[in-house]
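Working notes, structure below.
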Amino acid sequence: MTPTSSTAHNKAVLVTGCSSGIGRATALYLAQQGFTVFATVRKESDAQNLRDLGIATLIPVCPLDLSHKETIAPALDFIRGELSQRPDLKLYAIVNNAGGGGVAPIELMDLDRFRLDVEARLVGPLALLQDLLPLIREAHGRVIWIATPAIIPIPFVAGIHACDFAVNCLARTLQIELKRWNIPNILVRCGGVKTAAPARGARELEEDFQQWPRERFELYAGTLRKEQAELSQFDARRSEPNVIAEVVYRALVAEKPRRRYQIGYMSGVASALEYLPQPLVDWIMERRAQ
């Protein structure tokens, strides 16, 4: 597809979490392919960085922090204002990407951090969808959710995977609820991808080691150190975020998109485990954690 392709002509896509990683790569790639992209970021410095690229079809939306609801309404007003100035432009899709999470045993999870993650990954995206769905319905568009294959229990990343598990539920439920209008809800299920999150998560974990109650940390210390080493090896094999961007593009332009796409390091293994009986999967994961 070329940037002048009619596939993307007069179609806008809202991509969340575009300061780095998957969101940034996706926003740039879609803009280069001819979509008008509303790229949300939390910081003005990140918005200016996107403006400095000089891509006319790339429109930063700032600030939008989905974990802080007071930023959502002004961002929506901005998007609607931009669309009203371009009568031929239709909001065709939302790509839900923003969010994060950390590594911790459930017993030691920071509940305030987890609460923000839930807001960013679940509540915030639903607020966007509830407001913008009439525009997507009018454009005969679609909704894309970027998540991990989270139907399997992986120790110490429940804060991440619990949200992704819920994203799977939301996307599949919306697929049923919106079927009468033919609005696909598409899951792009990622394995390991190179972003800033792993390095940030490693720093936060080291800080948590110092802050957690010593007697409780010692209960998990050996296993967590082993997990650290395995994560370091995993991080070295992560896929580039551009491969996710290309899959998102294919999902947007396909006449009949698949309900699920899997991409990224080890995504196939994680997805395959879903087809096994849950007791067997639990046993496999328990053996892996020993």
- Query: In deg cm²/dmol and to the nearest 500, what is the mean residue ellipticity at 222 nm of the chain if only DSSP H runs of at least 4 residues count, each as -39500 (n - 2.57), divided by the residue total?
  - Reply: -16000 deg cm²/dmol
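Net charge within 14 Å of residue 80 by Cβ-Cβ distance, Lys/Arg positive one each and Asp/Glu negative one each, not counting residue 80 itself? Mind showing how you got there, number by number?
Details: positive: 86, 90; negative: 77, 82, 131, 138.
Net charge around residue 80: -2.
Residues with beta-carbon under 11 Å from that of residue 185, excluding residue 185: net charge, scoring Lys, Arg +1 and Asp, Glu -1? If you can, show how the numbers build up before the last one.
On the way: positive: 142, 172, 179, 259, 260; negative: 177.
For residues surrounding residue 185, the net value is +4.
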- Near residue 271, within a Cβ-to-Cβ distance under 12 Å, what is the net charge of the other residues, with Lys and Arg +1 and Asp and Glu -1? +1
- Query: What would the Debye formula give as log10 I(q)/I(0) at q = 0.07, 0.09, 0.15 Å⁻¹ for the alpha-carbon point model of the chain, no solvent?
  - Reply: -0.27, -0.44, -1.18
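May I ask you to derive the relative contact order of the stretch 1-158, considering only C-alpha pairs under 8 Å and at least 6 residues apart, and to give it as an integer percent?
Working: 252 pairs, mean separation 36.5, N = 158.
Across the stretch 1-158, relative contact order equals 23 percent.
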- Message: Using the Cα centre of the chain as the reference point, and only Cβ charges (+1 on K/R, -1 on D/E), how large is the resulting charge dipole? Debye, rounded to the nearest 20.
- Response: 1000 debye
- Fewest first, what order do 114, 209, 156 take by the number of other Cβ atoms within 10 Å? 209, 114, 156
- Query: Going toward the positive end of the dipole of the chain, with +1 on Lys and Arg Cβ and -1 on Asp and Glu Cβ, which of 132, 35, 242 do you reach last?
  - Reply: 35
- Query: How many angstrom lie between the C-alpha centres of the stretch 83-112 and the stretch 113-141?
  - Reply: 8 Å
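Read the figures in this text as sums done on the coordinates, not as results from a lab. Everything numeric in this text was worked out from a predicted model, so none of it was measured. Glycine also receives a Cβ, built like all others from the backbone with ideal geometry; neighbour counts cover every protein chain displayed.
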